[in-house]
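The values are calculated or read from the model by the stated rules, or taken from the named source; none is laboratory data. Bear in mind the structure is a predicted one, so any value in this text is a computation, not a measurement. Every residue, glycine as well, gets a Cβ built from its backbone with ideal geometry; the counts of neighbours run over all protein chains shown. Remember, those area values only see protein heavy atoms, side chains included, never the ligands or the DNA or RNA. Shrake-Rupley method; radii C 1.70, N 1.55, O 1.52, S 1.80 Å.
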Amino acid sequence: MDFKIKTRLGGFFIVILNFNMVISCGLKPLKVNEPKTVTDAVGIEMSSTNDSITLKYGAQYIGKRQDAEMKKFRANRLGQFIHWGLYSIPGGEWNGTTYLGAAEWLANFAKIPNATWDSLQYQFNPNKFNAVQWAKMAKASGFKYVTITTKHHEGFCLWPSEFTEFDIENTPYKKDLLKEFVDAYTEAGIDVYFYYSILDWHHKDWRYDIKNQADSLAFSKYFEFAKNQLLELQQKYPEVKGFWFDGTWDASWKKNGKYSYDIQKALKEVNPNVIVNSRLRADDFGSRHFDSNGNLMGDYQSGYERYLPAKNDTLITKIDWEACMTIPVNQWGYHKDWSLSHVKSANEILELIVKTVSLGGNFLLNYGPKGDGTFRNEELEISNSIGNWMSKYADKVIYYGDYANLKPQDWGYYVKNTNSGKFYGVVFNLPLSKLLKIELPNGKKLKVVNFETEKLEYHHHDKMGYFISLPENTPNEPFIFEILME
Ligand code: 1KN
């Protein structure tokens with residue numbers, strides 16, 4: 001994917017983003033400005049003393065938000081992502097052919113006419129859906145928040161919307177499924193976020209590009225529709241903590257930075273502490289996620305999709321960010337056949353989660369429930385394993401986990417718990433030497449290393465660092481140790 005060309009021109013960076021067809025992967029901050037004055041979270045138009053380009057639709061504030069809602073989002077760290085829509089019915093199979101691609105994109109790559117696809121609406125009847133059961137499973141897995149697709153690219157709405165007939169109300173299910181969902185998760189103490197696709201294959205006024213007056217007029221109507229729907233979601237489900245936007249890579253959206261700015265502004269007028277991902281935004285010049293001055297737009301960077309920053313990426317630790325991840329290689333919506341690609345094990349997923357937290361990020365793990373409202377067994381099993389691990393370790397190294405600012409080592413990851421102030425190592429790779437190396441910054445001394453089972457004095461210490469003997473019996477799962485320094 002060729003997505004970024006950076007040239008230095010007369011003192012500022014011009015960024016040309018070329019997303020061939022799609023995707024917001026691969027975005028890295030051009031520069032991360034150290035926090036200036038963090039005014040309140042919604043502060044519009046902050047001082048731009050360091051900014052080289054004057055922008056009308058650039059970043060609305062600079063630095064990490066420090067309000068209670070954002071602190072909660074950050075402390076939560078682990079979220080469940082749910083892709084559920086009409087695509088969950090065919091599950092990647094159409095007319096006897098199973099397609100390898102992402103199941104929620106089937107309509108697009110199998111070139112299924114809109115009228116045919118849209119009629120799946122009359123089959124959507126998840127009569128085994130039990131919101132309370134879902135929330136219970138999510139809680140047992142250790143998820144502190146959930147992000148559900150209210151509308152994916154296909155345009156079908158999981159809530160009864162005043163602004164379209166293409167919604168849950170006009171399915172055999174009829175009931176307000178989203179309300180059941182929001183109520184159950186909220187009751188279980190899990191924060192609810194809404195995924196909303198700007199890209200819409202169903203809406204007649206959606207445009208990929210704006211080439212003439214007529215496109216421009218149509219797209220302005222689409223914008224009003226999307227804005228109305230979003231305000232409707234906020235009004236009908238006031239528990240919603242934030243919005244996760246997707247489908248914002250097309251020229252039409254990039255040419256209308258004002259629209260992305262206005263949507264964020266409108267949502268924040270209703271709830272000043274609402275949390276919006278960076279993917280919504282484009283600035284005056286079509287820069288996405290980061291404006292043309294390199295400042296993050298939205299409340300956190302949401303570009304890491306199915307991959308993570310490097311272990312030693314210290315720039316990313318300066319901003320809030322969230323990665324989202326599939327269990328197979330690339331399936332978000334329900335796909336019948338997971339044998340087509342590598343399916344991650346619980347330990348692989350745990351490593352991705354811990355790595356994310358060690359870099360000060362959040363992690364969304366995706367589930368694609370079936371059309372009938374049940375989860376596939378693989379997802380239930382993963383949930384079970386992850387949940388077991390989380391119940392032992394998450395309070396120490398996941399929730400409130402953050403970047404520890406210690407030199408990365410090959411055995412695993414460091415996490416600092418911002419609630420307790422404690423430092424931890426999480427071991428994923430057991431060295432054959434049975435020695436764990438720890439290097440501390442100048443002036444710091446290692447006092448003790450606390451495994452769950454034993455306290456260990458360090459084995460050897462010289463200017464290369466500390467070498468810690470592993471306990472006799474190392475657990476048969478990723479394990480943690482506490483590091484006490486002085
Ligand atoms: C390669 O292009 C894309 C386009 C859309 C890759 C992924 C996506 C969507 N974003 C994920 C979060 C899913 O919703 C996926 O359909």
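Annotations
- Close amide-amide hydrogen proximity is noted between residue 102 and no other residue 5 or more places distant or on a separate chain, at a cut-off under 5 Å (H modeled in the peptide plane; Pro and chain starts excluded).
- Along its first, second and third principal axes, ordered by size, the chain spans 73, 58, 38 Å in Cα coordinates.
- Kirkwood's formula applied to the C-alpha pairs of the stretch 354-432 gives a hydrodynamic radius of 14.1 angstrom.
- Pairs beyond 29 Å (Cα-Cα), from 318/437; 71/136; 72/392; 254/416; 336/396; 111/265: 254/416; 336/396; 111/265
- Antiparallel DSSP beta bridges within the stretch 204-353, percent to nearest 5: 25 percent
- Spatial offset of the stretch 137-186 relative to the stretch 357-410 amounts to 22 Å, using the alpha carbon center of each.
- Förster radius 25 Å - calculated FRET efficiency between residue 224 and residue 114, Cβ distance, rounded to 0.05: 0.70
- Per atom type, the stretch 62-191 shows carbon and sulfur on 51% of its accessible surface, probed at 1.4 Å.
- Projected area averaged over orientations for the stretch 268-321, convex hull of C-alpha atoms, nm²: 4.7 nm²
- Aspartates and glutamates whose Cα lies under 15 Å from that of residue 221, excluding same-chain neighbours fewer than 8 positions away: 200, 205, 209, 262
- Using equal-weight Cα scatterers in the Debye expression, the normalised intensity of the stretch 311-382 in log10 at q = 0.16, 0.20, 0.22, 0.24 Å⁻¹ is -0.63, -0.86, -0.96, -1.07.
- In the chain, the DSSP beta bridges split such that about 55 percent are antiparallel, to the nearest 5.
- For the stretch 212-265, the Kirkwood radius over C-alpha pairs fed into Stokes-Einstein at 25 °C and 0.890 mPa s yields D = 200 µm² per second.
- The reciprocal of the average 1/r between distinct C-alpha atoms defines the Kirkwood hydrodynamic radius, which for the stretch 296-342 equals 12.7 Å.
- Taking a ≥ b ≥ c as the square roots of the eigenvalues of the alpha-carbon gyration tensor, the stretch 391-486 is classed oblate because a/c is 1.5 or more while a/b is no larger than b/c.
- Between the stretch 48-84 and the stretch 272-316, the Cα center-to-center distance that results, in Å: 8 Å
- Each residue of the stretch 185-197 was assigned a 3J(HN,Hα) from its phi angle through the Karplus expression (A = 6.51, B = -1.76, C = 1.60, θ = phi - 60°), giving 5, 4, 4, 7, x, 9, 6, 9, 10, 10, 7, 9, 8 Hz with x at Gly and Pro.
- Just so you know, the Cα atoms of the stretch 249-340 work out to an Rg and Dmax of 15.7, 46 Å.
- Once the 1.4 Å probe is applied to the protein heavy atoms, the chain comes out at 42 Å² accessible per residue.
- Heavy atoms of residue 61: accessible area, 1.4 Å probe, square angstrom to 10: 20 Å²
- The smallest convex shape that holds all Cα atoms of the stretch 81-173, its convex hull, gives 121 Å³ per residue.
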